[in-house]
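**Q** Before I ask anything, let me first share the structure, which is written out below as structure tokens.
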Amino acid sequence: MTQSSYFLKKLVNTILGCADDALAGTVACNPHLQMLHGHRVALRADLENLRGKVALISGGGSGHEPAHAGYIGKGMLTGVVAGPVFTSPAVGSILAAIRAVRKAGAVGTLLIVKNYTGDRLNFGLALEQARAEGASVEMVVIGDDCAFTKQKKAGRRGLCGTVLIHKVAGALSEAGCGLSAIVAFYFCTGTLGVSLTPCSVPGSRPTFQLADDELELGLGIHGEAGVRRMKITSADQVVKIMLDHMTSHSNASRVRLKSGASVVLMVNNLGGLSYLELSVVAGSAVRCLESRGIHIARVFVGSFMTALEMAGVSLTLLLVDDELLTLIDSDTTAVAWSQPAKVHVSGQKRVRESVAPKEEEKEESFPFRAPATPYMRAVLEKVCNTLLNLQEELNDLDRAAGDGDCGSTHARAARAIQEWVDSKPLPLYPSQLLSALAKLLLEKMGGSSGALYGLFLTAAAQPLRTDDELATWSAAVDAGIDLDSLCAAAEQLRALKNPQTNPLKVLTKAVEEAEAAAESTKHMEAAAGRASYIGSSRLNRPDPGAVAAAAILRAVMEGLQVKTI
């Protein structure tokens with residue numbers, strides 16, 4: 001599927017009616033909201049509680065959900081006027097909203113408008129008509145974009161910082177402040193976005209194209225161009241670039257941050273970014289700001305002002321003092337406003353020390369027991385290298401039936417073993433070594449593979465606590481196999497119970513049987529795991545876990561051969 005065809009998919013009823021349906025859906029799910037008949041307008045259902053207070057009306061094009069209707073409620077907006085997707089609302093609907101709140105007893109109306117030409121024009125025309133009818137109406141235009149280093153004639157675009165203005169203005173209104181006092185309240189806020197993918201208006205193709213290894217810095221919330229295209233790099237580096245740009249002295253639209261300043265940080269999902277990535281970015285932003293001496297008072301992380309399905313994120317900084325922070329913390333019934341803990345983020349202890357494990361019990365040393373280290377180090381090195389080299393092949397096999405991470409899971413185990421081997425001497429005896437490996441994999445590997453290998457090694461270690469003859473190794477494998485799937489190899493390894501047998505020949509035969517068994521899994525129907533939900537006709541490749549287990553056995557054999565040559 002091509003990128004352009006993917007973005008044509010939209011789960012809507014009709015293209016023309018999607019904005020109406022979206023607003024109606026928000027109202028249907030929130031009993032505190034009502035639609036204004038004949039208009040794409042949502043209002044507080046308790047307008048009678050507005051008497052004697054300033055009404056706040058915002059809005060703009062649809063496609064930015066939960067903005068704007070999600071911020072209607074006591075302590076935030078009184079109502080919103082929604083336009084078609086990425087299109088300014090009609091003057092008549094804006095005027096109808098002003099009339100509705102005025103009739104409810106509002107002493108004035110404040111229009112909160114993002115700095116886009118259509119929004120300014122249409123809200124401005126409605127304001128003039130309302131004033132001609134005798135209404136007390138003011139308009140503030142929000143421009144918090146930090147992208148452009150030189151002032152544009154049109155000014156800074158209105159982005160996610162608008163949501164913080166909704167909150168502060170709503171708190172002031174709820175506290176009984178007059179219209180002029182709310183308009184005069186000073187804010188210093190800035191926002192910068194970055195995107196990995198474009199977005200597409202329903203019925204249209206993507207608004208722009210990005211190469212697979214590119215991201216766009218400083219774009220607007222409608223997919224309009226940013227200021228720089230750059231190669232994808234780490235989240236830490238992207239966040240650093242964003243904050244550098246937002247605060248650079250050469251940037252005319254910068255946020256004027258000084259060491260010691262206190263800020264509210266908003267990490268906003270532009271629509272299609274996973275919450276895993278969002279948390280990574282949020283952590284990077286917190287660390288980066290604190291490293292610059294900035295005090296973070298509050299952090300808001302989530303989807304606040306989106307751009308349809310755009311996979312991207314914006315960072316908003318609001319300089320705060322105690323008064324402004326109190327307004328941010330004030331209560332609201334708006335459903336889309338998250339309520340973080342009302343405590344400062346910076347200065348909190350974020351890590352609790354873990355409980356140290358008990359020291360390993362020392363095993364008795366018997367004269368006939370040979371240390372395992374000379375052999376096991378070579379074997380472990382071979383196993384780790386094998387798993388690292390197989391990472392992409394195992395992931396590819398796993399994509400057919402799972403989530404495509406089998407190779408990554410085994411590679412994670414390999415790296416954990418390598419770090420462990422490099423950091424300390426290996427345990428002296430086989431049982432100690434297997435027990436230690438079991439604990440390491442249970443802690444570091446993850447997934448069902450980590451649990452299975454951990455159980456296998458734990459069980460296998462038990463017979464070796466008192467003896468390490470070849471027959472005991474066979475018993476150890478049998479003990480572990482009860483919890484694993486390498487029955488084919490186990491059958492061959494039972495030959496180790498014969499003291500006259502050649503152990504390397506037995507192991508070679510076991511490896512061959514394990515590899516054949518792994519190959520045969522492509523004809524099997526899965527009984528458990530993610531693959532059990534997939535029809536057998538679609539599963540025509542070997543099970544990646546079985547392939548990995550067979551590869552480990554071969555690596556063990558080859559490691560032993562190298563050591564014994």
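The values are calculated or read from the model by the stated rules, or taken from the named source; none is laboratory data. Only a predicted model underlies this, so the values are computations on that prediction, with no experimental measurement involved. Please note: Cβ atoms are built from the backbone with ideal geometry, for glycine as well, and neighbour counts cover all protein chains shown. Heavy atoms of the whole protein, side chains included, go into the accessibility calculation; ligands, DNA and RNA do not. Shrake-Rupley method; radii C 1.70, N 1.55, O 1.52, S 1.80 Å.
**Q** Within the range 106-126, is even one residue under 30 Å from Leu217 (Cβ atoms) and without any contact (Cβ under 8 Å) to a residue 24 or more places away in the chain?
**A** So far as the range 106-126 goes, yes, one or more of its residues are under 30 Å from Leu217 (Cβ atoms) and without any contact (Cβ under 8 Å) to a residue 24 or more places away in the chain.
**Q** Residue under question is Glu128, and the condition is that it be in contact with a helix residue (DSSP H, G or I) (Cβ under 9 Å, 6 or more places away or on another chain), under 28 Å from Lys53 (Cβ atoms) and open to solvent by 10 Å² or more (accessible area, probe 1.4 Å); does it hold?
**A** no
**Q** Residues that are over 27 Å from Ile15 (Cα atoms), assigned to a helix (DSSP H, G or I) and either in contact with a Pro (Cβ under 8 Å, 6 or more places away or on another chain) or not hydroxyl-bearing (Ser, Thr, Tyr) (or both): does the range 192-213 have at least one?
**A** There is no residue in the range 192-213 that is over 27 Å from Ile15 (Cα atoms), assigned to a helix (DSSP H, G or I) and either in contact with a Pro (Cβ under 8 Å, 6 or more places away or on another chain) or not hydroxyl-bearing (Ser, Thr, Tyr) (or both).
**Q** In addition: Looking at Val264, Val335, Val280, can you tell me which residue is under 22 Å from Ser173 (Cα atoms), within 24 Å of the chain's Cα centre (by Cα) and open to solvent by 20 Å² or more (accessible area, probe 1.4 Å)?
**A** Val335
**Q** Could you list all residues from the range 304-319 that are buried (at least 24 other Cβ atoms within 10 Å of the Cβ) and part of a loop (DSSP other than H, G, I, E, B)?
**A** Kept after step one, since they are buried (at least 24 other Cβ atoms within 10 Å of the Cβ), are these residues of the range 304-319: 304-305, 307-308, 310, 312-318.
Scanning the range 304-319 gives Phe304, Met305, Ala307, Leu308.
**Q** Among (1) more than 26 Å from Leu192 (Cα to Cα); (2) touching a Lys or Arg at 6+ places or on another chain (Cβ under 8 Å), which single condition is Leu125 missing?
**A** The number of the failed condition is (2).
**Q** Considering only residues that are of a type in the set (S, T, N, Q), in a helix (DSSP H, G or I) and open to solvent by 50 Å² or more (accessible area, probe 1.4 Å), which ones fall in the range 233-257?
**A** Restricting attention to the range 233-257, the residues satisfying the condition of being of a type in the set (S, T, N, Q) are 233-234, 237, 247-248, 250-251, 253.
From what is left, the residues that are in a helix (DSSP H, G or I) are 237, 247.
Answer for the range 233-257, where residues must be of a type in the set (S, T, N, Q), in a helix (DSSP H, G or I) and open to solvent by 50 Å² or more (accessible area, probe 1.4 Å): just Gln237.
**Q** Taking the residues in the range 165-201 that are modelled with pLDDT under 95 and crowded, with 21+ Cβ neighbours inside 10 Å as candidates, determine which candidate is farthest from the chain's Cα centre (by Cα).
**A** Val201
**Q** Further, regarding this structure: Looking at the range 21-54, which of its residues are within 19 Å of Leu95 (Cβ to Cβ) and within 36 Å of the chain's Cα centre (by Cα)? Please lay out each step first, then the result.
**A** Pass one, the range 21-54, residues within 19 Å of Leu95 (Cβ to Cβ): 23, 34-44, 47, 50, 54.
Within the range 21-54, Leu23, Gln34, Met35, Arg40, Val41, Ala42, Leu43, Arg44 meet the criteria.
**Q** If you don't mind, another one. Show the residue pairs that are 6+ apart or on different chains and have beta-carbon atoms under 7 Å apart, the first residue being within the range 553-565 and over 15 Å from Leu387 (Cβ atoms), the second being at pLDDT 80 or above.
**A** Leu560/Val379; Val562/Ala378; Lys563/Ala378
**Q** Can you name every residue in the range 135-164 that is under 24 Å from Tyr71 (Cα atoms) and open to solvent by less than 10 Å² (accessible area, probe 1.4 Å)?
**A** Val137, Asp144, Asp145, Cys146, Gly158, Leu159, Cys160, Gly161, Thr162, Val163, Leu164, listed by residue number.
**Q** Something else about it: If I ask for residues that are over 17 Å from Ala416 (Cβ atoms) and in a helix (DSSP H, G or I), which ones from the range 456-466 would you list? Before you say what the answer is, go through the steps one by one.
**A** Initially, the range 456-466 is screened for residues over 17 Å from Ala416 (Cβ atoms), giving 459-466.
Ala459, Ala460, Ala461, Pro463, Leu464, Arg465 - these are the residues of the range 456-466 that are over 17 Å from Ala416 (Cβ atoms) and in a helix (DSSP H, G or I).
**Q** How many of the residues making up the range 267-277 are in a loop (DSSP other than H, G, I, E, B) and either hydroxyl-bearing (Ser, Thr, Tyr) or open to solvent by less than 30 Å² (accessible area, probe 1.4 Å) (or both)?
**A** Taking the range 267-277 as the starting set, the residues that turn out to be in a loop (DSSP other than H, G, I, E, B) are 270, 272-274.
Add one more test, that the residue is either hydroxyl-bearing (Ser, Thr, Tyr) or open to solvent by less than 30 Å² (accessible area, probe 1.4 Å) (or both), and what stays is 270, 273-274.
Total meeting the criteria: 3.
**Q** A follow-up question, please. Could you list, ordered by first residue, the pairs with Cβ atoms under 8 Å in which the first is in the range 443-459 and over 18 Å from Ala550 (Cβ atoms) and the second is at pLDDT below 85 and not in a helix (DSSP H, G or I), at least 6 apart or interchain?
**A** Every condition considered, the pairs that remain are Leu455/Leu483; Leu455/Asp484; Ala459/Asp482; Ala459/Leu483.
**Q** Could you check the range 40-95 for strands (runs of 3 or more DSSP E) lying wholly inside it with 2 or more residues that are open to solvent by 20 Å² or more (accessible area, probe 1.4 Å) and in the same structural domain as Lys167 (by the TED database)?
**A** On the way: elements: 41-44, 54-62, 79-85.
So the answer is 79-85.
**Q** Then there is this: Restricting to the range 96-125, count the residues that are part of a helix (DSSP H, G or I) and open to solvent by 60 Å² or more (accessible area, probe 1.4 Å). Give the steps one after another, and end with the answer.
**A** Taking the range 96-125 and keeping what is part of a helix (DSSP H, G or I), we get 96-103, 117-125.
Now restrict to residues that are open to solvent by 60 Å² or more (accessible area, probe 1.4 Å): 99, 102-103, 117, 120-121, 125.
Total satisfying the criteria: 7.
**Q** Out of the range 215-232, which residues are open to solvent by 40 Å² or more (accessible area, probe 1.4 Å) and touching a strand residue (DSSP E or B) at 6+ places or on another chain (Cβ under 7 Å)?
**A** Residues satisfying the conditions are Val227, Arg228, Arg229, Lys231, Ile232.
**Q** Show the residue pairs meeting these rules: Cβ distance below 9 Å; 6+ apart or different chains; first residue within the range 227-240 and under 16 Å from Ser279 (Cα atoms); second residue open to solvent by 60 Å² or more (accessible area, probe 1.4 Å).
**A** Ala235/Glu277; Ala235/Val280; Asp236/Val280; Asp236/Arg287; Val238/Ile232; Val239/Arg287
**Q** Only residues in the range 137-152 that are of a type in the set (Ser, Thr, Tyr) count as the first member; pair them with residues that are surrounded by fewer than 18 Cβ atoms within 10 Å (Cβ to Cβ), Cβ under 9 angstrom, at least 6 apart or cross-chain, and list the lot.
**A** Listed pairs, sorted by first residue: Thr149/Val227; Thr149/Ser248; Thr149/Ser250; Thr149/Ala252; Thr149/Arg254.
**Q** With the condition kept exactly as written, say whether any residue in the range 295-303 is farther than 20 Å from Arg157 by Cβ, open to solvent by 20 Å² or more (accessible area, probe 1.4 Å) and charged (D, E, K, R).
**A** No, the range 295-303 has no match at all.
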